[in-house]
Each structure stands twice: as structure tokens, then as C-alpha cells.
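Engineer: Handing you this structure, nothing more for now.
The values are calculated or read from the model by the stated rules, or taken from the named source; none is laboratory data. Predicted, not measured: the structure shown is a model, and the values here were computed from it. As a convention, Cβ positions derive from the backbone with ideal geometry for all residues, glycine included, and neighbour counts pool all protein chains shown. Side chains are part of the model used for accessible areas, which takes the heavy atoms of the whole protein and leaves out ligands, DNA and RNA. Shrake-Rupley method; radii C 1.70, N 1.55, O 1.52, S 1.80 Å.
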Amino acid sequence: MSFIASRSALRAQLRPSLARTFASTPTAYAQSLKERLSELIPKEIENVKAVRAAHGNKSFGEVTVDQAYGGMRGIKGLIWEGSVLDADEGIRFRGLTIPEVQQKLPTAPGGSEPLPEALFWLLVTGEVPTEEQVKGLSQEWAARAELPKFVEELIDRCPNTLHPMTQFSIAVNALNHDSAFAKAYSNGVHKREYWKTTFDDSMDLIAKLPNIAGRIFRNVFGDGKLPAIDANKDYSANLATLLGYGDNADFVDLMRLYITIHSDHEGGNVSAHTGHLVGSALSDPFLAFAASLNGLAGPLHGLANQEVLRWVQKMRAAVGEEPSDEKVAEYVWSTLKSGQVVPGYGHAVLRKTDPRYTAQREFALKHLPNDPGFKLVGQIYKIVPNILLEAGKAKNPWPNVDAHSGVLLTYYGLHQQDFYTVLFGVSRAFGVVSQLIWDRALGMPLERPKSYSTEAIKKMFEGK
């Protein structure tokens, strides 16, 4: 049995209610996410108290000087509830692997990928939602999606030469104007109640991101005209429509997969950690996530996906269509010998092929198996790891999520590479704000690690 067939069979076993479509009218009251969260928070507060009482004085392990100089790689010092990344297994969202997420979370009618609304519910609660709960979340986001007029004007006044990620950050920062948390804090709300307005802001933020992204895309790459959000469509379908691809069902399903797998990757990556750090100062979710976006815009983080595509396209121009393995290997070696890295390969934590890469590859095998770009990406996958091992260039020579996403977007006609990181940003909001809600619910303190100078380190170990 094929992977796709077996996955479909398992989904049928796991979710027999799939026959009820996303568009159907709920027959019973569907509990809202905020209502469910209000039930979970008291229990989790007690759970954290118990964990700290039992294990609070225990050590995660030593920290070396090399780790301090090496980007704090491997230092254990953050709490992140939504996901945990294992070096050999990959990411788990609230304990579920990506294949399990694909099997267990509700999908849209005719779609085969999980709805991001369901993934957000999972990240926030640790529970798989019902289809009625997912539909309710879709409708709530659609109702919250409208942008303030001045934010629309801010985006419209940006020159189309300004990078889309810069425009994205400007717009998200500006949403702080209407922050429910900032208003409640200034009015003296009790800290036990912080989570409620943080939740409201987070819902507003996620809901408004498609309109922001769509407006930037249409202004920079189109005619500036934007369709309206459709309250009867799911989040990804609305995003695809705003970008001009809503009539392509496969692209819509790609957006569902893309947002899901890019949503969260535990708390130590730049965008997640930045959002947590800024949020720990009690900055509202808009300010915290805008900071995340500025980190995501860096070439060593979210910008990497467009760097991968550019490298693949340069290779394709140099080696021609249907190149031999020898030609591909020669091009890879020339990249390394010129002092550059092979983009899309290696990861700070992972020591195996990124499951997010695998999920995208399976999507491509189903929808675009004969695409020349996809074939070249697969050929690179077969060749690059051995070269990197031979060259001694990477502890992990395997592909990460960025090695595949660009070729999928290009296949469906989204060639505007400067926009790719915006899609990553829309996705990463899910993970950042789900944790920020819990930070406020659990009363997490201001983040303030200790730092040392080089001279202080020399004196610390002098004579030892």
C-alpha cells in the first residue's frame, strides 16, 4: 500500500467523523478555544508548581565556554510548551510527529493536509480539536481579519522597493495601536488576567496576517487590488485567494501544509526566542511578534528558503536540464570550493533529514512528480550529503525545511522569492503567540541570562 493510501486509511480509522464536512452546520455547541483554555490553565499552573517542587534544584547539565561563544548551541534554558525538537527524530507538536499531525488533525473537504486552525488549537491546548471547533476558529479569524484603515495606508505608502519583510514588520508593529493587552495593563489589570487580553491580541494578530501579507504582495507584485476575506473559507484558502491562487485547490492544500510545518520548531530558534524574549518584558503580542519577524528576515533563518531556490536555479542554468549526477556533484563542489555553503543543508539541532523536508517531498511526489525543479531537488538530496561528509563541512549533512519549499511555490507560479519569508512569517506566528499566551498564563518572568566578557572568562579560569 502506498504512503498516501495508508495515510488515508489511517485517517479514516482515527477520525470517523470526517464524513461531516467543514462547511456543515454544527449540530451541537462547539466550545471555543478561549473557553477550553480557561479550563486548562488552573490545572497547568498546578502541574508546573509540582514540576518545580520536585525538580527545581536539579541541573540540566554543564555549560561550556565554547557554548557561550558558539551561539549558545545545546544550552538548555528555555521552557517551550508547543513543540520539542529531537536531534534524531525531528519535531513533535505537543507530542505528535508531522505524520501523526497529518493523520489526526481535521482537513478541509477535498483536502488532504491538516488545517492550520487545528494545529493552532493543538499548540495552545495539547488536544486534537473537533471539526466543529476548527470551523469555529476559522470563522472567528475571518471576523477579526479586517485591518485598521491607518495600517492599510501605512502598507500602501511603502515603496515597492522596500523588502516585503520590512513592510510586514512595520504593519505588525502598527497593530499595537489597538492592543487589548496594552490597554488592560495600563488600566491596572491583575497579572492573573494577563493571559486573557494576550489571547485576544494573539487571535487578532493571526487573523489579520493574511490581509497584511496579501496587501503587501498585491502592492509590490500586482495591481494593489485585494479581494475580501470569505467567512465561509478556511484560513489557508483565504490566504491563497488574497495572493491570487485561491482557485487552485492544490496550492490551497500546499498552504495548509506549509503553515502547519513552519508554525513552530521549539523555542531556541531566532524568531521563536526573540518573540519570547520581547514578550517577557510584557510587550504585547504585536510588538513581540514584530521582533520575531525581524529575526526571521535574516539570511541564516527565514531568508534561507529563497537563498536555496536561487542556488538551485543557478545550478539549473549551469548544468542544464536532466543533468548527470556527475555534473550536479561538480557544481556542489564548486560551491564549497568558492567558500560558500550549500544552502538548505545542515541544521543547528537536527542530525537527520528534516521531517518537514520529507513532508514537502511527499506532497511533491503526489502533485508534481515530473516537475524538472522537483527532480533536481531530489537529485541534489541524493548527492549533497555524501559530498558534505567527504568535505567535513557539516555535522548534519541532511536537508532542512528550506531545501524544498521554494521549488513547490515556484511550481504553482509564485516566483516572487522576496515574498517567501513573509509566508514563513505568517506560519511562525502560530508557534510564537501560542507560547506567549502560556507565558502570561503561567506568570513567566522577564528573561535575563548572565553574560561574561572575554577578559572575565580568562580571569575565571586563570590557573585552573
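Engineer: Along Cα→Cβ, 7 Å out, is where each label goes; now give me the distance between the ones at ARG448 and VAL341 in nm to one decimal.
Structural biologist: Going from the ARG448 label point to the VAL341 one covers 3.3 nm.
Engineer: On alpha carbon coordinates alone, what is the Rg over Rh value for region 302-412, Rh being the Kirkwood radius?
Structural biologist: Values: Rg = 12.9 Å, Rh = 13.9 Å.
In region 302-412, Rg relative to Rh is 0.93.
Engineer: Rounded to the nearest 0.05, what FRET efficiency do HIS415 and ASP88 have when you use their Cβ-Cβ distance and R0 = 35 Å? List each step's numbers first, then the result.
Structural biologist: Details: r = 36 Å, r/R0 = 1.02.
FRET efficiency, HIS415 to ASP88: 0.45.
Engineer: Here's another thing I want to ask about it. With a Förster radius of 30 Å, plug the Cβ-Cβ distance of GLU146 and LYS352 into 1/(1 + (r/R0)^6) and report the FRET value to the nearest 0.05. Don't skip to the answer; put the middle values down first.
Structural biologist: Working: r = 43 Å, r/R0 = 1.44.
The formula returns an efficiency of 0.10 here.
Engineer: Which label marks the calculated value of percent of Cα pairs over 31 Å apart, given the options (1) 44; (2) 57; (3) 40?
Structural biologist: (1)
Engineer: Setting aside same-chain residues fewer than 8 positions from LYS382, which lysines have a Cα under 26 Å from its Cα?
Structural biologist: LYS314, LYS327, LYS337, LYS352, LYS366, LYS393, LYS395
Engineer: Loop only by DSSP, 10 or fewer other Cβ within 10 Å of the Cβ. Give me the GluC sites (Glu not before Pro) in region 48-94 that pass, ordered by residue number. Show your work: numbers first, answer last.
Structural biologist: Working: sites: GLU62, GLU81, GLU89; in loops: GLU62, GLU81, GLU89.
Passing both the DSSP loop test and the Cβ count: GLU62.
Engineer: Quick check: pseudo-label points 7 Å beyond the Cα along Cα→Cβ at ALA53 and SER324, how many nm apart are they?
Structural biologist: Distance between label points: 7.1 nm.
Engineer: While we're on this one: Quickly work out the ARG157-to-PHE60 label distance, labels modelled 7 Å from Cα along the C-beta direction, and quote it in nm with one decimal.
Structural biologist: 4.3 nm
Engineer: Within 10 Å, count the other beta carbons around each residue, average over each peptide in 452-460, 295-303, and list them highest first. Mind dumping the intermediate values first?
Structural biologist: Working: 452-460: 10.2, 295-303: 18.9.
The most tightly packed comes first, giving 295-303, 452-460.
Engineer: Then there is this: Once the other residues with Cβ under 12 Å from the Cβ of ILE155 are scored (Lys, Arg +1; Asp, Glu -1), what is the net sum? Don't skip to the end; give the middle numbers.
Structural biologist: On the way: positive: LYS149, ARG157, LYS208, ARG215, ARG218; negative: GLU152, GLU153, ASP156.
Here the charged neighbours net out to +2.
Engineer: What lysines could a cross-link reach from LYS196, if we take a straight Cα to Cα line under 23 Å and drop same-chain neighbours fewer than 8 places away?
Structural biologist: LYS34, LYS43, LYS49, LYS135, LYS183, LYS208
Engineer: Let me ask something additional. Could the peptides 263-272, 126-135, 217-226 be put in order, highest first, of the mean number of other beta-carbon atoms found within 10 Å of their residues? Spell out each step's value before the answer.
Structural biologist: On the way: 263-272: 23.5, 126-135: 21.0, 217-226: 15.7.
So the peptides 263-272, 126-135, 217-226, ranked by packing, come out 263-272, 126-135, 217-226.
Engineer: With all protein chains present, how much of the accessible area of the chain (probe radius 1.4 Å) comes from carbon and sulfur, to the nearest whole percent?
Structural biologist: Numbers: 11360 of 21430 Å².
Here it works out to 53 percent.
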